[in-house]
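The values are calculated or read from the model by the stated rules, or taken from the named source; none is laboratory data. Because the structure is a prediction, the values reported are computed rather than measured. Cβ placement follows ideal geometry from the backbone for every residue including glycine, while neighbour counts extend to all protein chains displayed.
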Amino acid sequence: MRELSLKTPYGDRIFTGDKPIGMYVCGITPYDATHLGHAATYLTFDVINRYFSAQGRHVDFVENITDIDDPLLERAVRDAIDWRDLAADQIALFQSDMTALRVIPPVAYVPATDVMDLVSQAISTMQVNGFVYRVEEDLYFDISTFLDELPIAYEEALKIFGERGGDPTRAGKRNPLDPILWLSNKPGEPGWNSPHGLGRPGWHIECCVIALRFLTGPDFLKHSDAVHSIDIQGGGSDLIFPHHFMSAAQSAAINGAPFSFSFVNTGMVGLDGEKMSKSKGNLVFVSKLLAKGVDPMVIRYALLGGHYSSDRMWNNDLLNTAHEEVSAIRSALSREGVAETLPVIQRIVDCLANDLDTAGALSAILQWSKATQTGATGGSAGEMSRALDLLLGLAL
Ligand code: ZN
């Protein structure tokens, strides 16, 4: 099978060789159900996971759960329930959505609340290395060493940082972009004891520590040039800055090694021409589509019809077309004689190898189903069906 090539925000990356792949994908904050943007992201990394597995490569796939964060605590207060119960319910719903969409689960789903001691140790290491300072009772990360590596212009970074959970205007910070590492406890909020006081960590350091610990091993706090790097850091394009940038900078501040060999980011999914967002109230939830009786394989097919890295739109036409095409492919697969399958499977592999061109792969399958419907023979429906499942997770 061809080697997978992906275009990343930092250049093309070809995954040569046969070594195991360490893939870390930023998971959910469990305060609301899985919407189609989440689903598109996790499907992308599922197809990447499936591709490496089909090549015979071992994939260590780890995903975090941000089960302690401001939005979760705010929602728990709003709904008058314990934040732990809210998180547990939403994690269960997320996992059932992922199962329905046939996303192969990670080898470890790691909740942030499981790694509080490790995070606190990592902050201590960064302190020794000179990257940490205090503002009142809170600890901040000094980003100055890494500013040359910003993926966007400084002014834009400042604006986005404020919009995505940062506090650029807080007095006493060395640089407005410095992210919080340890937030001291506020009355009524959960807190963990640590050498840094009672409190909780910032978001970026959680992902950094989980990725390093679970993908590079228990010695990740020790300085080293290379052994602490992961292969893929994944997530939505809204995570390129600040989240992935900050996680990588903090990782380098801990052990000196590059955090990840590649960063793979997925586009945003909009609805009917508009950005899908909580504030607009137009999020489309996977669980609601499933409850309406939409076939999860149709949702999967519809989302794979767009390129992972492009922003794209969801609408009813897309769903209806996906429904018709999935029915046509199912009908072809149920025939006794089917069009030749090996060239189509090869075409699917070639499309996927080329920056995960899932749309090209689906179009090849559709052409095959049309050829089958018009009487072409010479292939094996069983072989085709297994390939669709193996490579694209489509159980048709
Ligand atoms: Zn993350």
Top-ranked residue of region 9-34 - restricted to ones that are within 16 Å of the ligand (Cβ to nearest atom) and in a strand (DSSP E or B), ranked as farthest from Arg75 (Cα to Cα) | Gly22
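Conditions (1) away from the ligand (no atom under 16 Å from the Cβ); (2) outside the structural domain of Pro20 (by TED's automatic domain parsing); (3) aromatic (Phe, Trp, Tyr), marked per residue:
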| residue | (1), (2), (3) |
| --- | --- |
| Leu198 | yes, no, no |
| Gly202 | no, no, no |
| Ile210 | no, no, no |
| Ser237 | no, no, no |
| His244 | no, no, no |
| Ala257 | yes, no, no |
| Lys280 | yes, yes, no |
| Leu283 | yes, yes, no |
Boolean, Gly306 is part of a loop (DSSP other than H, G, I, E, B), under 21 Å from Leu72 (Cα atoms) and away from the ligand (no atom under 16 Å from the Cβ) = no
Going by the conditions given, is Ile123 in the same structural domain as Asn255 (by TED's automatic domain parsing), within 15 Å of His204 (Cα to Cα) and within 16 Å of the ligand (Cβ to nearest atom)?
-> no
Output the number of the condition that Ile143 fails; it satisfies all remaining conditions of (1) crowded, with 19+ Cβ neighbours inside 10 Å; (2) farther than 26 Å from Ser277 by Cα; (3) touching a strand residue (DSSP E or B) at 6+ places or on another chain (Cβ under 9 Å).
-> (3)
Does region 134-144 contain at least one residue that is polar (S, T, N, Q), in the same structural domain as Asn193 (by TED's automatic domain parsing) and under 23 Å from Ile210 (Cα atoms)?
-> no
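The rows are residues; the columns are (1) modelled with pLDDT under 95; (2) assigned to a helix (DSSP H, G or I); (3) more than 20 Å from Phe146 (Cα to Cα).
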| residue | (1), (2), (3) |
| --- | --- |
| His223 | yes, no, no |
| Gln233 | no, no, no |
| His244 | no, yes, no |
| Ser247 | no, yes, no |
| Ser251 | no, yes, no |
| Met297 | no, yes, yes |
| Arg300 | no, yes, yes |
What number of residues in region 165-190 are out of contact with any Phe, Trp or Tyr (no Cβ under 8 Å at 6 or more places or on another chain) and either of a type in the set (Lys, Arg) or farther than 22 Å from His244 by Cα (or both)?
-> 9
Leading residue by the ranking (farthest from the ligand (Cβ to nearest atom)) among those in region 56-82 that are touching a Leu at 6+ places or on another chain (Cβ under 8 Å) and either touching a residue at least 40 places away in the same chain (Cβ under 8 Å) or under 30 Å from Leu4 (Cα atoms) (or both) = Ala76
Scope region 326-358; condition out of contact with any helix residue (DSSP H, G or I) (no Cβ under 8 Å at 6 or more places or on another chain) and closer than 15 Å to Tyr301 by Cβ; matching residues | Ser327, Arg330
Filtering region 179-196 down to residues that are closer than 12 Å to Ala122 by Cα and either within 16 Å of the ligand (Cβ to nearest atom) or within 20 Å of the chain's Cα centre (by Cα) (or both) yields Leu181
Check Gln250 against each of (1) away from the ligand (no atom under 13 Å from the Cβ); (2) farther than 14 Å from Tyr24 by Cα; (3) of a type outside the set (Gly, Ala, Ser); (4) over 16 Å from the mean Cα position of the chain (by Cα) and name the one condition it does not meet.
-> (1)
Among what's in region 220-235 and is of a type in the set (A, V, I, L, M) and within 13 Å of the ligand (Cβ to nearest atom), pick the residue that is surrounded by the most Cβ atoms within 10 Å (Cβ to Cβ).
-> Ile232
With respect to Gly393, is the statement that it is more than 21 Å from Thr41 (Cβ to Cβ) and of a type outside the set (A, V, I, L, M) true?
-> no
